[in-house]
Amino acid sequence: MEFSLRGSSRRIMLRSTAAGLTLLLAACAMPDAPPPAAPAIVPPAAAAPAFGESSSGAYLAGRDAQSRHDLSLASLYLLRALNNDPENVELLQRATIALALEGRLDEAEAVAARLGSFDEESTIPALLLAERKAKQGDWHGVEEAVEHLPPRGLNNYLTPLVRAWAKQGQGDTDGALEALAGLDPKAGLGVLRDFNVGLVNDLAGRNDAAEAAYRATLTAPSGHSLRTIEVIGDFLVRNGRAEEARQLVENLHQEHPDLPQVTFGGRRTVAGPSDGLAEAFFGAAGTMRQGNAPDLALLFSQFAIDLQPDFDLARLMAGDVLSSLNQFRASNEAYAHVPPSSPLYAMVQLRIAHNDEDLGDVDGAAHQLEGLISRKIDPADALLALGDLYRREHRWTDAVKAYDRALPLLQGTPGEWPVFYARGVALERANQWTRAEADLLHALELQPNEPQVLNYLGYSWVEQGTNLPRATQMIERAVLMRPSDGFIVDSLGWAFYRSGQYGRAVEMLQRAVTLVPGDATINDHLGDALWRAGRQEEARFQWQHALLSDPDPELRAQLDAKLKQ
């Protein structure tokens, strides 16, 4: 839950389950070595560029669309350019990638096959062809597709993986294990190797070897992800050790309580070499996502989905990447394929609502959330998301109503105090101070050392000129816990100002300005403190600086008045 405090200048974060969650889902025993740098993210275009008719114009338009991650437009223009110059290696590479990112793998395969006669060492087209051969069950063809890739970059861990699953697809388990031995633990590939060794042995019925490899996977922190627990738990259940599987899941949720539940007893998680290769590509997608290479993360997610269509975690990954690239409609299309029976369903529905909001469809987002609530699908989180949605729209009364509905569902849980705090914030902004104060005080009872609550309640009292000694003490405690939070430091400076301690106020507010440069409210506060300290010219400078920092209309009027008078 994220809130805006004191207009745009004071921000806090509560119960935000999305941050870092995708990495937990996707960190499927992958290497720690950094991937190639990602291209810059640029906002999507409002419309197609007008310069796409000539061959060169289509090429430039396609490159422009790729830089903005407008996938369909990039494919359109690059294919148009390729029709006019069918042997251009760069166009073949770009068109292959554009089509594959969009999930049009059949078309991408045809372009990549043409590229192979010109450039056998091109990594992405070779991996695409390997994936397509795997889809067709041609495991010898999979090996041939990556045969000429040089040992550098991505190839250092993807080529051994592809070769290993190609060997397993041909029934050569020993050959698969030999290929995986090429993954060097010193290069951060130990967990990746162990997990795939476990998968290969598991499929071959070598249960003792599989268990040893799975246990080695779990000894490393990066080996504890939702996916590894799903796979290893499935192995334990199939071997009559359901209690051990349950304990693994319990330990995972103790560390990460906001992760979805893990269930066993359905289809075998990795049922064949195609599923194994899908796991390899999914793991690669997780690594690319962590390394800020979203295009590659999306590409490998598409490979994994093509090989294993019910791979819901890969669909979640694809949707998350598309959302991070501001491709919100495409993101929702990816999320829409996650079925209601999936443990991830509630999560993706919440993300669809967030995408709707980012598309400007606030009513659609609210309708999506109300649908979850009425169907009793994770209603607590849906109500919190609804309250946050209304809060971001400054619909304070509607936000309060949503938080009112959420609180009974969270009574007695660790998630209770943030909702009292959230409702207190919304009530304060709705000018219902008596209720707001009660909520903030109760939140403080439940979480006495929470700096956000200490700061908000303390600052509110300072603004009202009440309980100044207690308010100052509370904010001082918050500053001790968050010394680098410029907004909390500003609150303490303002408390000193309201107490008539202008020298201390100037000192603290100068520190706040350094921590958060360009915030209109903090500059305004510093100007007031400087004026009272007899430093009028410096005060005017701060007020003028605040005017340049996009203040809200009310603050702008106050600043104009100060400068005129």
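The values are calculated or read from the model by the stated rules, or taken from the named source; none is laboratory data. Keep in mind the model is a prediction, meaning the values are calculated, not measured. Heads up, the Cβs are rebuilt from the backbone with ideal geometry, glycines too, and the neighbour counts pull from every protein chain shown.
Restricting attention to the stretch 449-489, the residues being more than 18 Å from V425 (Cβ to Cβ) and under 32 Å from the mean Cα position of the chain (by Cα) number 9. Of all the listed residues (N449, N431), the sole one being assigned to a loop (DSSP other than H, G, I, E, B) and farther than 22 Å from H394 by Cα is N449. The single condition among (1) of a type outside the set (A, V, I, L, M, F, W, C); (2) within 18 Å of D275 (Cα to Cα); (3) crowded, with 23+ Cβ neighbours inside 10 Å that T217 does not satisfy is (2). Only residues that are assigned to a loop (DSSP other than H, G, I, E, B) and either modelled with pLDDT of 85 or more or closer than 18 Å to D85 by Cβ (or both) were counted across the stretch 49-73, and they come to 7.
Restricting the stretch 112-149 to residues that are at pLDDT below 85 and either touching a Pro at 6+ places or on another chain (Cβ under 6 Å) or not in a helix (DSSP H, G or I) (or both) leaves a set whose member that is surrounded by the most Cβ atoms within 10 Å (Cβ to Cβ) is L115.
When the stretch 150-170 is filtered for residues that are modelled with pLDDT of 95 or more and more than 22 Å from A297 (Cβ to Cβ), the ones remaining, listed by number, are R163, A166, K167, Q168, G169, Q170.
Considering Q432, Q464, the condition of being of a type outside the set (S, T, Y) and either crowded, with 17+ Cβ neighbours inside 10 Å or not assigned by TED's automatic domain parsing to the domain that holds D524 (or both) is satisfied by Q432 alone. For the stretch 52-101, residues that are surrounded by fewer than 22 Cβ atoms within 10 Å (Cβ to Cβ) and touching an Asp or Glu at 6+ places or on another chain (Cβ under 7 Å) total 3. Is it true that some residue in the stretch 484-499 is among the acidic types (D, E) and over 18 Å from A533 (Cβ atoms)? Checked against the condition, which is being among the acidic types (D, E) and over 18 Å from A533 (Cβ atoms), the stretch 484-499 yields at least one hit. Comparison of A280, A285 shows that the only residue that is small (G, A, S), under 22 Å from E230 (Cα atoms), surrounded by 22 or more Cβ atoms within 10 Å (Cβ to Cβ) and touching a Leu at 6+ places or on another chain (Cβ under 6 Å) is A280. Scan the stretch 384-418 for residues that are buried (at least 18 other Cβ atoms within 10 Å of the Cβ), part of a helix (DSSP H, G or I) and touching a residue at least 60 places away in the same chain (Cβ under 8 Å) and report the count. The total comes to 5. Taken over the stretch 171-196, the criterion of being within 29 Å of the chain's Cα centre (by Cα), among the aliphatic types (A, V, I, L, M) and more than 17 Å from F282 (Cβ to Cβ) is satisfied by A187 alone. Of all the residues in the stretch 367-383, those that are outside any helix (DSSP H, G or I) and buried (at least 18 other Cβ atoms within 10 Å of the Cβ) number 1.
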